[in-house]
Amino acid sequence: MAQDVQPGGESAQNQAALEAAGQENFDRIIAKDSRIEPRDWMPNAYRRSLVRQISQHAHSEIIGMQPEANWISRAPSLKRKSILMAKVQDEAGHGLYLYSAAETLGTTRDEMTDALVAGKARYSSIFNYPTPTWADMGAIGWMVDGAAICNQVPLCRASYGPYGRAMVRVCKEESFHQRQGFEILLELANGTPEQRVMAQDAVNRWYAPSLMMFGPPDDDSPNSKQSMAWNIKRFSNDELRSRFVGMMAEQVKVLGLSLPDEAIHFNEDTKKWDHGPLDWDEFKEVLAGRGPCNAQRLERRRSAHEDGAWVREAASAYAAKQAATNAQKVAA
Ligand code: 3HC
């Protein structure tokens, strides 16, 4: 009876029916292992979790430019300088694809950037460690980009279309990054005794932080279960970490160097690579903003953002002028 319907009740019912149909469609797409696109209905929690992960990932790419940019002017040859410059530019590009992917979920790039410069957003723990020697460029390429590939190749199949598609290009470029890092280490490992020591020292310092990039152990990973149920993550943090250890254990033999972990071995029972304990207290400290370079990285990002204010202003003024000219042309 009409008098039983509360004001707005009908539209609330319509809304509920739309939500139910949206959820059904979403569940069907996920069950088919197909893709959710920006205009599809999606649960708020799925949207929030994607913005969380993609924006953190974008911030990591942008902050990750700093430890390597630090060596561009000091690279040992013109060839190395141009390769490193191209790599750092690639990382900027990755950040941009990722910010664009996150924007399709309704969060603006300005909002994400503001959260980062205000120190409220996370970015990867790995970029809070110093790069004191040239061999660090090799170790970052081989180990950090190697870990990124291990983690990100499965993300090419992430259920959210724009994220998965961005990952395809990112992973192709990361493969080049990893090889250039490996080649730097190979050359140093076969160079003078001092160069060899420098290469081994860099591998020793980057080993544990690169394993921690995969995130906390599975028992301590609050997001993994739901993220895997939604087909965003395909493998758990420990599973990917173990694969990465196996990959490095083989490749380090070609380098003629060693990994600073005597516990590494292939476990015949689990068919996985085991490694020694990691210092998860250190990881938590880095995440809390108290790692060796957190303050420096954030301050640098903040000042770069402030220095770029005039560029953003000029680009906005130019875009407004173009839009006005186009509107006049359409009206004429
Ligand atoms: N650094 C900083 N924070 C981390 C972290 C790390 N290495 N690992 C986990 N965390 C955070 C998580 O973000 C989460 O915090 P939140 O709930 O506030 O977001 C918390 O620790 C618990 O971790 P979970 O395992 O529950 O989180 P996830 O399920 O999201 O898994 C992840 C973490 C594996 C990093 C996942 O988010 C992921 O795969 N992200 C995409 C890849 C990415 O961001 N890589 C960063 C490096 S990019 C890079 O390396 C660039 C290249 O040029 C080298």
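The values are calculated or read from the model by the stated rules, or taken from the named source; none is laboratory data. Keep in mind it's a predicted model, so treat the numbers as computed, not measured. Neighbour counts are summed over all protein chains in view; Cβ atoms, including those assigned to glycine, are modelled from backbone coordinates with ideal geometry. Calculation scope for accessible area: heavy atoms of the full protein, side chains included, ligands and nucleic acids excluded. Shrake-Rupley method; radii C 1.70, N 1.55, O 1.52, S 1.80 Å.
In table form, for the structure just shown:
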{"item": "Residue list for the stretch 10-41, filter: among the aliphatic types (A, V, I, L, M) and touching a residue at least 40 places away in the same chain (Cβ under 8 Å)", "result": "29, 30, 36"}
{"item": "Residue that is farthest from residue 300 (Cα to Cα), among those in the stretch 42-69 that are without any contact (Cβ under 8 Å) to a residue 60 or more places away in the chain and of a type in the set (Gly, Ala, Ser)", "result": "58"}
{"item": "Selected residue (only one of 161, 191 is more than 15 Å from the ligand (Cβ to nearest atom) and under 19 Å from the mean Cα position of the chain (by Cα))", "result": "161"}
{"item": "Identity of the residue in the stretch 172-188, open to solvent by less than 10 Å² (accessible area, probe 1.4 Å) and within 12 Å of the ligand (Cβ to nearest atom), that ends up farthest from residue 145 (Cα to Cα)", "result": "181"}
{"item": "Residues being of a type in the set (Phe, Trp, Tyr) and more than 30 Å from residue 25 (Cα to Cα) - total across the stretch 156-202", "result": "2"}
{"item": "Count - residues of the stretch 75-106 that are within 18 Å of the chain's Cα centre (by Cα) and within 14 Å of the ligand (Cβ to nearest atom)", "result": "15"}
{"item": "Residue within the stretch 50-67 that is within 29 Å of residue 216 (Cα to Cα) and open to solvent by 60 Å² or more (accessible area, probe 1.4 Å) present", "result": "yes"}
{"item": "Residue list for the stretch 30-73, filter: acidic (Asp, Glu) and more than 16 Å from the ligand (Cβ to nearest atom)", "result": "33, 37, 40"}
{"item": "Unique match (being more than 18 Å from the chain's Cα centre (by Cα) and acidic (Asp, Glu)) among 238, 269", "result": "269"}
{"item": "Pairs, first closer than 25 Å to residue 58 by Cβ in the stretch 124-138, second more than 12 Å from the ligand (Cβ to nearest atom) and outside any helix (DSSP H, G or I), C-beta under 6 Å, six or more apart", "result": "128/293; 129/292; 130/292; 130/293; 131/70; 137/71"}
{"item": "Among the candidates 118, 166, 135, residue that is surrounded by 18 or more Cβ atoms within 10 Å (Cβ to Cβ) and over 13 Å from the mean Cα position of the chain (by Cα)", "result": "135"}
{"item": "When residues of the stretch 10-48 are limited to those that are hydroxyl-bearing (Ser, Thr, Tyr) and assigned to a helix (DSSP H, G or I), the one most open to solvent (accessible area, probe 1.4 Å)", "result": "11"}
{"item": "Residues satisfying the stated conditions in the stretch 209-252, i.e. among the charged types (D, E, K, R) and either open to solvent by less than 60 Å² (accessible area, probe 1.4 Å) or farther than 15 Å from residue 266 by Cα (or both)", "result": "218, 219, 220, 225, 233, 234, 238, 239, 241"}
{"item": "Given (1) open to solvent by less than 20 Å² (accessible area, probe 1.4 Å); (2) of a type outside the set (Lys, Arg); (3) within 9 Å of the ligand (Cβ to nearest atom), number of the condition residue 206 does not satisfy", "result": "(3)"}
{"item": "Residue within the stretch 122-136 that is near the ligand (Cβ under 10 Å from one of its atoms), charged (D, E, K, R), more than 16 Å from residue 69 (Cβ to Cβ) and touching a helix residue (DSSP H, G or I) at 6+ places or on another chain (Cβ under 6 Å) present", "result": "yes"}
